[in-house]
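Below is one structure, written out as structure tokens; the observations come after it.
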Amino acid sequence: MNREKLNSNFLLLLTSTIWGFGFVAQEMGSAHLGPNAFNAARYSIGAVCLLAILAAWHRGRSLEGFRSRDWVKASLSAGLFLFFGSLLQQAGIGDESTGPGKAGFITGLYVVIVPLLGLGLGHRTNLQTWVGVVLATVGLWLLSFKQADARWAIGHGDLLVFFGAFCWAGHVLVIDRFTNRVSSLHLAIGQVTVCAGLSWVVAGFAEQMELTKFQDAFLPALYLGVMSIAIAFTLQIIGQRKAHPTHAAIILAMEAVVGVFAGWLILHEQLTQRELTGCLLMFCGMVLSQVPIRLIRLGLTRRANNGPPA
């Protein structure tokens, strides 16, 4: 692996680490604000930071990307999926049954949901994707379903995050549709602004908007706005330029693993052996759905030719 790809992989690993710790910040913020109010705060901070990055990056040409009709369509559609995905995820994390570690893995299901939704758009899929879906489904069962009153049921928070994963999958498909038509940074600003605006409107009608609560939730919102939205997104753009797509997908999926570690380190979240087994199966399903089958065959061939390790 050359130095450029190694540096790119490091940037992507840093990105997934920032996002993984972001699940902890979301739980901390949920203790003070409703999901819409907290999302409004963090996405507003993120929008301001992204605008600052855009102004420094493009130097005088920052307004050009906002003038196309495709940018408007992409910002509105992606921003809508971002709004619903963030709302369901934040509401789920705020539930007692769901911690940052579980939320990270359930959210990561969008990796295997994307090809399933793609079937409805005429995209083709393969056997390994279906195997990945099976592994992820079994993992979700072990992680989230509990036996209560002689029946199996999924926690309310886990269910919200699960539905949110479909919104994240839809968001990926929208981004994929417009990625070659508009600037990535301009699209990021557009979708974040739309999400922040919708969150402010809904929060104004449905949630308490007290200044003291915003002050209490400021640090978690600041971390998410600056680190998760602005800095991590920028690192992702830079990292994916030189990284192998398969490596990038696997490294970014590590945010779920980091979320479990961060929940244990900061919030002392403990997962049972059953839940950890579910996490492992879900991660295997995510990775399998992303690794091209030809790379798996190549690895097996090399291992057979080289013989067992000494």
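Figures for the structure shown
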item	result
Where residue 179 falls short, out of the listed (1) touching a residue at least 60 places away in the same chain (Cβ under 8 Å); (2) more than 24 Å from residue 28 (Cα to Cα); (3) of a type outside the set (Gly, Ala, Ser)	(1)
Hits in the range 134-160 - residues which are modelled with pLDDT of 80 or more and among the β-branched types (Val, Ile, Thr)	134, 137, 138
Matching entry among 85, 79, 22, 65 (being surrounded by 21 or more Cβ atoms within 10 Å (Cβ to Cβ) and farther than 16 Å from residue 224 by Cα)	79
Sole exception among (1) surrounded by fewer than 21 Cβ atoms within 10 Å (Cβ to Cβ); (2) over 15 Å from the mean Cα position of the chain (by Cα); (3) in a helix (DSSP H, G or I) for residue 239, by number	(1)
Residue satisfying all of: in the range 250-277; small (Gly, Ala, Ser) and at pLDDT below 85; surrounded by the fewest Cβ atoms within 10 Å (Cβ to Cβ) among these	253
Residue match in the range 94-107 (condition: charged (D, E, K, R), within 30 Å of residue 272 (Cβ to Cβ) and surrounded by fewer than 21 Cβ atoms within 10 Å (Cβ to Cβ))	yes
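Here's the yes/no breakdown for (1) modelled with pLDDT of 90 or more; (2) part of a helix (DSSP H, G or I); (3) more than 16 Å from the chain's Cα centre (by Cα); (4) at negative phi:
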position	(1), (2), (3), (4)
17	yes, yes, no, yes
25	yes, yes, no, yes
32	yes, no, yes, yes
44	yes, yes, yes, yes
50	yes, yes, yes, yes
62	no, no, yes, yes
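The values are calculated or read from the model by the stated rules, or taken from the named source; none is laboratory data. Because the structure is predicted, anything quoted here is derived from the model rather than measured. Ideal geometry is used to build each Cβ from the backbone, glycine not excepted, and the neighbour counts take in all protein chains shown.
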